[in-house]
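Below is one structure, written out as structure tokens; comments come after it.
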Amino acid sequence: MKRDLLTLKEFSGEEILRIIEDSLTLKRLRRLGMKKLDLLKGVSVALIFEKPSTRTRASFTVAALELGAWPVSYSSQELQLSRGEPVRDTARVLSRYHDAIAARVYRHADLEELARFSSVPVINLLSDLHHPLQALADYMTILEKKERLSGLTLAFIGDGTDNVFNSLAIAGVKLGVRVRVSSPQAFAPNPQVLGEDIYKRIEIYENPEDAVRDADVIYTDVFVSMGQEAQREERLRVFLPKYQVNENLLKAVGRDDFIVMHCLPAHRGEEITDEVLEGPHSVVFDQAENRLHTAKAVLLYLLKPGWVAEHS
Ligand code: CP
Ligand code: NVA
């Protein structure tokens with residue numbers, strides 16, 4: 001039975017932790033010089049991009065190559081999808097050539113259709129609603145920096161409907177992290193997207209200062225995500241200056257051992273200042289690096305379950 005990774009709702013907390021631990025193992029192996037693992041020799045992975053990407057495209061491509069698989073990247077513009085071929089037909093065709101399909105899409109519903117009609121695992125490389133691979137790399141980074149996950153407090157400041165926030169909330173609750181969010185009323189978290197069980201366990205604050213108080217992790221993402229460009233002016237008016245992560249807001253944390261996170265790319269001067277992004281609490285480039293190790297762990301988890309046990 002194939003397994004898809006669309007939202008992380010399909011995975012238990014134990015499974016998410018397992019993927020994170022596998023990622024840490026893969027990172028250690030790579031640092032010991034074991035870059036080329038060949039665990040997925042002969043496997044081919046389709047990567048479909050409807051939107052731009054730097055980290056996801058590069059990390060997934062290198063992850064597949066280092067595991068011995070063949071990544072094949074398709075811009076949606078080059079596929080017949082751009083001329084109206086249905087997602088369901090694309091899914092049935094590509095899954096006869098490839099062993100997995102990974103896609104970055106505008107509409108999450110398209111990813112669900114891709115998964116429904118594909119006979120091979122489908123992996124979400126970001127949709128309008130979820131960015132699960134980002135959350136895996138983020139919790140891996142938090143575990144590295146804070147040496148635990150359960151019992152920590154993560155405060156997300158900004159757009160409560162953001163894809164990165166949704167995935168952080170879903171994974172965070174499952175991992176025992178206290179997830180707080182501070183966003184304008186009009187951009188409050190959506191219970192349908194998160195699922196009622198996750199929604200009722202997150203803490204919603206109006207004021208960013210209250211949300212960050214005594215938090216271990218301060219997280220933000222852009223105010224204008226890909227596909228929302230037409231709302232740019234209206235969004236900036238609602239979010240700024242109140243929801244910017246800056247030195248002043250960080251004073252409200254009230255402790256010094258917190259970390260600042262951002263999935264990147266960042267819009268300096270909007271959701272975060274240059275000073276904070278480049279400052280001593282920021283771990284953003286470790287997060288970006290960890291996208292590589294988590295991409296490998298996800299590919300192995302879906303295509304070769306149990307590899308750690310076999311190889312340890
Ligand atoms: N964080 C992230 O997904 O970056 P890209 O859009 O560059 O892939
Ligand atoms: N929320 C952002 C994340 C980019 C990685 C977007 O969807 O554009």
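Computed from the coordinates by the stated procedures, all read-outs in this text should not be read as laboratory data. Everything numeric here is computed off the predicted structure, so don't read it as measured data. Using ideal geometry, Cβ is built from the backbone for each residue, glycine included, and neighbour counts are taken over all protein chains shown.
To the nearest 20 debye, what charge dipole does the chain have about its Cα centre, counting +1 at the Cβ of each Lys and Arg and -1 at the Cβ of each Asp and Glu? Provide the component values of the computation, followed by the final result.
Details: 40 positive and 45 negative charges, 206 e Å.
Using Cβ point charges on Lys, Arg, Asp and Glu, the chain gives about 980 debye.
Please get the size of the charge dipole for the stretch 1-97, origin at its Cα centre, with Cβ charges of +1 on Lys and Arg and -1 on Asp and Glu, quoted in debye to the nearest 20. Mind dumping the intermediate values first?
Values: 18 positive and 12 negative charges, 61 e Å.
Dipole magnitude for the stretch 1-97 comes out near 300 debye.
Ranked by the mean number of other Cβ atoms within 10 Å of their residues, highest first, the peptides 276-289, 26-39 come out as 276-289, 26-39.
Explain nothing, just the number: dipole magnitude of the stretch 165-312 about its Cα centre with +1 on each Lys and Arg Cβ and -1 on each Asp and Glu Cβ, in debye rounded to the nearest 20. Present the calculation step by step, with values, prior to reporting the outcome.
Values: 16 positive and 23 negative charges, 99 e Å.
Once rounded to the nearest 20, the dipole reads 480 debye.
The convex hull defined by the C-alpha atoms of the chain has an orientation-averaged projected area of 15.5 nm².
Can you tell me how much longer the chain between Lys35 and Ala188 gets when fully stretched, taken as 0.36 nm per residue apart minus their C-alpha distance, in nm with one decimal?
On the way: separation 153, 0.36 × 153 = 55.08 nm, distance 4.22 nm.
Difference between extended and current length: 50.9 nm.
Since only Gln77, Leu300, Leu111 are under comparison, the one whose Cα sits farthest along the positive direction of the charge dipole of the chain, derived from C-beta charges on Lys, Arg, Asp and Glu, is Leu300.
Ranked by the mean number of other Cβ atoms within 10 Å per residue, highest first, peptides 220-231, 195-206, 172-183 order as 172-183, 220-231, 195-206.
Measure up Lys27/Lys51; Lys242/Lys296; Lys251/Lys296; Lys9/Lys296; Lys2/Lys41; Lys9/Lys251 against 30 Å on the Cα-Cα distance and list the ones that go over. Display every interim value, and only then the final one.
On the way: Lys27/Lys51 28 Å; Lys242/Lys296 38 Å; Lys251/Lys296 37 Å; Lys9/Lys296 20 Å; Lys2/Lys41 19 Å; Lys9/Lys251 34 Å.
Correct reply: Lys242/Lys296; Lys251/Lys296; Lys9/Lys251.
With all pairs of separate Cα atoms included, the stretch 185-312 yields a Kirkwood hydrodynamic radius of 17.1 Å.
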